Amino acid sequence: MTGPRLQAEHDLAAAGPDAIEARLDADNRRLTGRGDDRALVFVLRDDEGRAVGAAAGYSWAGIAELTLMWVDEAYRGLGHGRKLLDAFVAEAAARGSLRIWVSTHDFQAPGLYEKAGFERMAELTGWPEGHSNIILCKTIG
């Protein structure tokens with residue numbers, strides 16, 4: 001019997017990494033004894049039902065992570081980002097999350113998070129080159 005083979009699969013369909021992540025999540029549940037992970041998603045839709053904004057992530061083991069925050073350019077500057085963020089924070093709190101984590105770039109919206117009570121925990125320069133990736137956390141309660 002031969003061992004596993006390493007091969008590049010850069011164009012793997014989303015189902016491949018999703019299936020692997022599901023196995024990782026199962027391991028995490030087993031190792032922590034916490035099986036309360038749930039998606040946490042709010043979508044802003046226009047009159048035709050198209051998504052024009054979203055705040056998405058998950059809650060698990062007393063924390064929440066906002067992994068995707070986006071508002072279509074035509075809808076920016078109108079308070080929709082804050083509305084999405086406030087809904088995400090409120091739902092995370094209702095689920096018993098103690099902290100909410102988010103990663104954003106300096107050219108995205110770190111100020112939005114800071115105005116909402118998130119604190120900078122780390123700034124990783126050179127990610128991408130010439131910019132920074134900023135990790136923020138909001139403590140609830």
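Between a first residue in segment 106-130 that is touching a residue at least 24 places away in the same chain (Cβ under 8 Å) and a second residue that is assigned to a loop (DSSP other than H, G, I, E, B), which pairs have beta carbons less than 8 Å apart while being 6 or more apart in sequence or on different chains?
Close Cβ pairs (under 8 Å, with a partner that is assigned to a loop (DSSP other than H, G, I, E, B)) amount to ASP106/HIS131; PHE107/HIS131.
When the residues of segment 118-141 are filtered to those that are out of contact with any Pro (no Cβ under 7 Å at 6 or more places or on another chain), of a type in the set (Val, Ile, Thr) and surrounded by 14 or more Cβ atoms within 10 Å (Cβ to Cβ), which remaining residue is nearest to GLY35 (Cα to Cα)?
Going through the qualifying residues, I end up with ILE140.
Among the listed residues GLY16, GLY53, GLY57, GLY81, identify the single one that is among the small types (Gly, Ala, Ser), crowded, with 16+ Cβ neighbours inside 10 Å and part of a helix (DSSP H, G or I). Lay out the reasoning, then the answer.
Numbers: GLY16 fails: crowded, with 16+ Cβ neighbours inside 10 Å; GLY53 fails: part of a helix (DSSP H, G or I); GLY57 fails: part of a helix (DSSP H, G or I).
Within the list GLY16, GLY53, GLY57, GLY81, the selection yields GLY81.
Taking segment 102-117, which residues are touching a Phe, Trp or Tyr at 6+ places or on another chain (Cβ under 9 Å) and either surrounded by 15 or more Cβ atoms within 10 Å (Cβ to Cβ) or in a helix (DSSP H, G or I) (or both)?
To start, the set of residues in segment 102-117 that are touching a Phe, Trp or Tyr at 6+ places or on another chain (Cβ under 9 Å) comprises 102, 104-105, 110, 112.
Listed by number, the residues that qualify are VAL102, THR104, PRO110, LEU112.
Which residue out of TRP70, TRP127 is among the aromatic types (Phe, Trp, Tyr) and closer than 20 Å to LEU40 by Cβ?
Values: TRP127 fails: closer than 20 Å to LEU40 by Cβ.
Criteria check complete, one pass: TRP70.
Picking from ARG29, ARG76, which residue would you name as being more than 27 Å from GLY111 (Cβ to Cβ) and surrounded by 11 or more Cβ atoms within 10 Å (Cβ to Cβ)? Break it down into steps so the answer makes sense when it comes.
Working: ARG76 fails: more than 27 Å from GLY111 (Cβ to Cβ).
It is ARG29.
Computed from the coordinates by the stated procedures, all read-outs in this text should not be read as laboratory data. Small disclaimer: the values here were computed from a predicted structure and weren't measured. We place every Cβ from the backbone using ideal geometry, glycine too, and count neighbours over all the protein chains shown.
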